[in-house]
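Enquirer: Please find one structure pasted underneath; my questions will follow.
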Amino acid sequence: MDYFNYKDNELYAEDLKVSSLVQEYGSPLYIYSKATLVRHMRAFEEALAGKKHLICYAVKANCNLSLLSLMKSLGAGFDVVSEGELRRVLKIGADPKKVIFSGVGKTRAELTLAVKSGIGCINVESEAELKLLSKICAELKCPAQVALRVNPDVDAKTHPSISTGLKGNKFGIAAEDAFALYQQVAADPYLQVSGIDCHIGSQMTSNGPIAEATEKLLSLYGKLEQAGILVDHIDIGGGLGVTYNDETPPSPYEYMAAVLKRVGGRDVSIYVEPGRAMVANAGILACSVLYLKQTATKNFCIVDAGMSDLIRPALYNSWMNIVECRKSNDPKILCDVVGPICESDDFLGRDRKLAVQQGDIIAVRGAGAYGMSMASNYNARRLPCEILVDGSAVEVIRRRQDFEDLWAQERQLAFDAEGKLLHP
Ligand code: LLP
């Protein structure tokens, strides 16, 4: 459930009319609903009530500082996957103890910053990474909390591009190899065993895969316990899906219940790293219809947002719900909703039935996750503005880029007619 609803045939973000917001803040525009985010965070909290836990919001889904700050205020920790994400959460004053660092290719600089910041857990993904981390800790004479990300070889039954827990994926350490590596961690003077981690995929719409993965982690947990290696937490990663179209994912409560049922009375904290389930339906991308164009075979609804603003349809062929911001009884046309970018794959939706006219505002729903965080400057397009709505109040949380921002990091060399560099 979210707080983007129709009143008198007009789409509202909480108490504000989307078309008026676009008029004021420009197009394309990312609009987030605070009430929706709060609701999602509470749903995870309630799902884990009565069990020691930490909800680590997956920053990659949407890393806007204000949204991170909101999540922090609601008690969330953070799952980061790069130095940039780590610096973002440190910037908003997150408690380092509530930060965990995942990712298959952490650099020396990234591990060093993580160790120096004293973060809650580093999720190590290979033996080579473990060696480097051990070396860094010894050099700094600084301890680090470690979990091994286990690859449980479980099919998440999702889009292959976002499936991460199968043997053939680059992620994690094979369950068979993890035990020996845990012994290395336990014997290391600076490393401390903190947890067992996995993340098997994203946009999962059933409980089966996460239940199966939990069982595999628990079997390793048991083996470690027998060997006297005590684990403080089990991290089941992110992955809970949302409804873009007709998917019926479990609720956070049902999803976590499937995990908790298997964990039973074991004295262990449960960590979860939701990204999409937290923020996808808390955001829409509103944009304007530039032109309607009819060709011999198709109708095109050409809008001012494209794959540079929202790449999910182009990249994964994702179906995202596109709606008119003003509902009318005008006849609907069957059309492809496409952006202005010079790529044939630059589309937001194909074969949609929409009652739209030039100048209308439409919205892509479910765009809060992996929308702005995957946006680019392709075609020298400016990144859109982001606003946060709270009832009838609104705040800009990222201004639209200026054109100067597009080349701010570049140098402009000058050359003569022979192509020889002219010195300034
Ligand atoms: N933890 C780790 C280690 C991850 O790699 C991910 C997502 C998450 C947590 C959060 O997963 P979520 O709860 O959002 O499913 N760009 C793709 C999604 C890529 C997900 C990558 N990892 C998309 O737009 O569908």
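The values are calculated or read from the model by the stated rules, or taken from the named source; none is laboratory data. Predicted model, so just to flag it, every value in this text is computed and none were measured. Counting neighbours? That spans all protein chains shown, and the Cβs are built from the backbone with ideal geometry, glycine included. All accessible areas refer to the heavy atoms of the entire protein, side chains included, with ligands and DNA or RNA removed. Shrake-Rupley method; radii C 1.70, N 1.55, O 1.52, S 1.80 Å.
Enquirer: Determine the pairs where a residue that is farther than 11 Å from ALA144 by Cβ and within 16 Å of the ligand (Cβ to nearest atom), located within the stretch 115-127, has a partner that is in a helix (DSSP H, G or I) and of a type in the set (A, V, I, L, M) with Cβ atoms under 6 Å apart, the partner being 6 or more residues away or on another chain.
Expert: From the stretch 115-127, no pairs qualify.
Enquirer: Just give me the residues in the stretch 285-298 being away from the ligand (no atom under 16 Å from the Cβ) and buried (at least 22 other Cβ atoms within 10 Å of the Cβ), in sequence order.
Expert: ALA286, CYS287
Enquirer: Taking the stretch 231-284 as the search range and keeping residues that are β-branched (Val, Ile, Thr) and within 18 Å of SER373 (Cβ to Cβ), which one is farthest from the ligand (Cβ to nearest atom)?
Expert: Looking at residues that are β-branched (Val, Ile, Thr) and within 18 Å of SER373 (Cβ to Cβ), I get ILE284.
Enquirer: Test each condition in (1) open to solvent by 20 Å² or more (accessible area, probe 1.4 Å); (2) β-branched (Val, Ile, Thr); (3) within 17 Å of ILE31 (Cα to Cα) for VAL338 and report the one that comes out false.
Expert: Single failed check for VAL338: (3).
Enquirer: Is it the case that LEU11 is modelled with pLDDT of 95 or more, assigned by TED's automatic domain parsing to the domain that holds MET374 and assigned to a helix (DSSP H, G or I)?
Expert: When the stated conditions are applied, LEU11 does not pass them.
Enquirer: Same structure again: Collect the residues in the stretch 26-39 that are open to solvent by 20 Å² or more (accessible area, probe 1.4 Å) and touching an Asp or Glu at 6+ places or on another chain (Cβ under 9 Å), keeping them in residue-number order. Steps first, please.
Expert: Restricting attention to the stretch 26-39, the residues satisfying the condition of being open to solvent by 20 Å² or more (accessible area, probe 1.4 Å) are 26-27, 34-35, 38-39.
Passing the criteria: SER27, LYS34, ALA35, ARG39.
Enquirer: Mind checking whether some residue in the stretch 401-418 is over 27 Å from the mean Cα position of the chain (by Cα), part of a strand (DSSP E or B) and of a type outside the set (Phe, Trp, Tyr)?
Expert: yes
Enquirer: Of the residues that make up the stretch 294-314, is at least one β-branched (Val, Ile, Thr), closer than 23 Å to CYS63 by Cα and either assigned to a loop (DSSP other than H, G, I, E, B) or at pLDDT below 95 (or both)?
Expert: From the stretch 294-314, those β-branched (Val, Ile, Thr) are 295, 297, 302-303, 311; that's our starting set.
Then keep just the ones that are closer than 23 Å to CYS63 by Cα; that gives 311.
Then drop every residue that is not either assigned to a loop (DSSP other than H, G, I, E, B) or at pLDDT below 95 (or both), which leaves 311.
Yes, the stretch 294-314 contains at least one residue that is β-branched (Val, Ile, Thr), closer than 23 Å to CYS63 by Cα and either assigned to a loop (DSSP other than H, G, I, E, B) or at pLDDT below 95 (or both).
Enquirer: Looking at (1) hydrophobic (A, V, I, L, M, F, W, C); (2) out of contact with any helix residue (DSSP H, G or I) (no Cβ under 7 Å at 6 or more places or on another chain); (3) outside the structural domain of ASP235 (by TED's automatic domain parsing), which one does ALA174 not meet, given that it meets all the others?
Expert: Going through (1) hydrophobic (A, V, I, L, M, F, W, C); (2) out of contact with any helix residue (DSSP H, G or I) (no Cβ under 7 Å at 6 or more places or on another chain); (3) outside the structural domain of ASP235 (by TED's automatic domain parsing) one by one, ALA174 breaks only (3).
Enquirer: Would you tally the residues in the stretch 132-166 being within 11 Å of the ligand (Cβ to nearest atom) and either of a type in the set (Val, Ile, Thr) or farther than 20 Å from LYS98 by Cα (or both)?
Expert: 8
Enquirer: With respect to ALA257, determine if the residue is on the phi < 0 side of the Ramachandran plot, in contact (Cβ under 8 Å) with a residue 12 or more places away in the chain and either crowded, with 20+ Cβ neighbours inside 10 Å or β-branched (Val, Ile, Thr) (or both).
Expert: Judged against the criteria, ALA257 is not a match.
Enquirer: Just to check your reading of the model, which residue among ALA280, ALA257 is under 19 Å from SER161 (Cα atoms) and outside any loop (DSSP other than H, G, I, E, B)?
Expert: Being under 19 Å from SER161 (Cα atoms) and outside any loop (DSSP other than H, G, I, E, B) holds for just one of ALA280, ALA257, which is ALA280.
Enquirer: On to the next question. In the stretch 169-191, which residues are over 19 Å from LYS131 (Cα atoms) and either away from the ligand (no atom under 16 Å from the Cβ) or basic (Lys, Arg) (or both)?
Expert: Listed by number, the list is empty, since nothing qualifies.
Enquirer: Considering only the stretch 340-380, state which residues are under 17 Å from ARG400 (Cβ atoms), among the hydroxyl-bearing types (Ser, Thr, Tyr) and either more than 16 Å from the ligand (Cβ to nearest atom) or in contact with a helix residue (DSSP H, G or I) (Cβ under 9 Å, 6 or more places away or on another chain) (or both).
Expert: Passing the criteria: SER373, TYR378.
Enquirer: Another question, if that's okay. If you take the residues in the stretch 192-230 that are buried (at least 19 other Cβ atoms within 10 Å of the Cβ) and of a type in the set (Ser, Thr, Tyr), which one is nearest to the ligand (Cβ to nearest atom)?
Expert: For the stretch 192-230, the residue satisfying everything is SER202.
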